[in-house]
1. What's the total number of residues in the stretch A:233-255 that are modelled with pLDDT under 85 and surrounded by 18 or more Cβ atoms within 10 Å (Cβ to Cβ)?
2. For B:F110, indicate whether it is among the aromatic types (F, W, Y), surrounded by fewer than 20 Cβ atoms within 10 Å (Cβ to Cβ) and at positive phi.
3. Going by the structure shown, is A:A142 buried (at least 18 other Cβ atoms within 10 Å of the Cβ) and either within 23 Å of the chain's Cα centre (by Cα) or part of a helix (DSSP H, G or I) (or both)?
4. Restricting to the stretch B:91-139, name every residue that is of a type in the set (K, R) and within 14 Å of chain A (Cβ to nearest Cβ).
5. Just need a number here: residues in the stretch A:145-174 that are part of a helix (DSSP H, G or I), farther than 30 Å from A:V36 by Cβ and in contact with a helix residue (DSSP H, G or I) (Cβ under 7 Å, 6 or more places away or on another chain).
6. Can you give me the ranges of the helices (runs of 4 or more DSSP H) entirely in the stretch A:175-293 with at least 1 residues that are touching a residue at least 40 places away in the same chain (Cβ under 8 Å) and within 14 Å of chain B (Cβ to nearest Cβ)?
7. Within the bounds of the stretch B:142-150, is there any residue that is farther than 26 Å from B:N252 by Cα, of a type in the set (F, W, Y) and surrounded by 13 or more Cβ atoms within 10 Å (Cβ to Cβ)?
8. Contact list please: Cβ distance under 8 Å, first residue in the stretch A:24-42 and closer than 13 Å to A:V225 by Cα, second residue surrounded by 13 or more Cβ atoms within 10 Å (Cβ to Cβ) and at pLDDT 90 or above, pairs at least six apart or on different chains.
Amino acid sequence: MFESCADPSQLEGLNWFLCYLTSGKHMLFYTSFLVVMALMVITAPIALMFGFGGALAARSHVAPLRWLGKGYTAMVRGVPDIIFFLFVPVAMDQGLEYLRNLYKCPPTDAPIWANNEFNVCAAAKLPLSTSPQFWHEAYGFALAVIAFSIVFGAFAANVLYGAMNAVPRAQLETAEAYGMSPKQVRRRILIPQMWTYALPGLSNLWLILIKATPLLFLLGVEDIVYWARELGSTKSAIYDYPHPDWRVWYFLVLLFYYLGMTRISEIYLGRLSARLSRGQATMAGEAMRKAGA
Amino acid sequence: MSCVDIIADYGLRSLGIGERLLPRSDFTLCHQFTLIGSGLIWNLYFGVLALAFGFFMATGLALAKAAENPLLRKPAEWFIFVFRGSPLFIQFFLAYEALVLLPKAGIDVFGITIHTAWTTKAWAGALFVLFLNTSAYAAEIFYGALRSVPKGDLEAADAYGFTGWKKFRKVVWPTMLRLAWPAYTNEAIFLFHATTLVYFSGFPAFQQRGDALYYAKFFADKTFNPFIPYPIAAFYFVCLTLALIAVFGVINRRLNRHLPGASRPKLKVRPQIIR
């Protein structure tokens, strides 16, 4: 990074630290914070979409669709989420490779799951073993996004389902009295009005999503936990910057990072909640009206 | 090898009783059910003890947070914020790395050596973290309930001349528990789910004695087939969840036994807490 860092063994004190903290590996560590934030920013809208679909399906009049929606929301109740995080990426990966195997590989008699192995030909592998390292990492990240989206989509579906039921019946009846079709009622009244009821649950979900991001490490993505373990472990004299076991300090940094994220989110979500309560027939909206009057 | 033999060999494998080596090939359904079920003993151990100890700590913390005195209130607020605001996964790692740094030979205090090696073991270290974590979550629930104890109840206690401990024991505490119980049931369920993180977060599984998910992952890695072990683990946890709801439901009925039937709150499980 700096010119003066060319020979680490000559450095001392503050200079040593400055050079240590700007070494190439540390730059990767800092980038991994962006990876974590990218995961949250990408997952949140996708999960919300899944949740929306799930909630609308659970309200549907078509029985199979309703069962599907209810089943999806019930999925997360009894089972630890981490099981899904371990299961979904492997299952997705194998499912995709199996499908590619069907039309990319020469037909063989050998079964795909046999002798404790998963056998598909090289052409069906995802990503191809010849593709650059970047694609391998991007693929792993994409699988993680899908796993997170499915799990958080189920949580969100639950919240949105509750919120849709919480919209006062009178408002929907008014819309019906104006001659709106069920579709119009849903689009013009139900969905705009439900946000104020959904927000507490959704804010909670966002905070939970922040706290679920270290599980990326379990999925093999090189995230902040991975780098904290790598960089913090004891470095002997053969490394440029030898140091004893510093993992506890690295994890302390992560702890403060997460506490900071939580605090900032809480402040912004508080503001958003105030914005959405304006003019609503709820306790918060009523309190605002009285304060203004 | 019949299934009964397998259960005899591996049923208590997670405690180190029975066969020493894990199966290497020919993984039958029976193997998977037995070993994953055996791992569930650890989930129960962590969950039950953390919940039992955490209950008292949480009551204390909730009272401290509701206290007027900032010397009591501030530390409780910070404790709750730190443990609720950060991922359990990071807390496990941090605790493990901190415990590893303790001197190996033990600490000498006035000539008495305090051994430290056992603290890095999962049964102690992870239990301690889970205990603190569930205390913080439950304390927040109890605090919320404490603040919604009806004013009339407190006035009635005053009218009877109850003060201090007696007022707390006879009026405030039972009402607080009654109000908090549905949310606390949720907390208990998700605490049990959180115990699956232990063996993925730094704490090593001594001689491959792990929890249910540890063995599920073992099978998934060995057979390259995630479609059997994970649903088995999921099945066990669904059963555990149902059992928890039953137990907490009995307590809930007992707590609300003085209320007329219709106004008794029902337990409703809401999936909302991951850590």
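1. Qualifying residue count, the stretch A:233-255: 1.
2. Taking the combined requirement at face value, the residue satisfies it.
3. No; evaluated as a whole, the condition is false for this residue.
4. Matches in the stretch B:91-139: B:K104 only.
5. 4
6. Qualifying helices (runs of 4 or more DSSP H): A:191-212, A:224-232, A:247-277.
7. no
8. Pairs that qualify, where the first residue is closer than 13 Å to A:V225 by Cα and the partner is surrounded by 13 or more Cβ atoms within 10 Å (Cβ to Cβ) and at pLDDT 90 or above, are A:F33/A:Y257.
The values are calculated or read from the model by the stated rules, or taken from the named source; none is laboratory data. Quick caveat: nothing in here was measured; it's all calculated off a predicted structure. Using ideal geometry, Cβ is built from the backbone for each residue, glycine included, and neighbour counts are taken over all protein chains shown.
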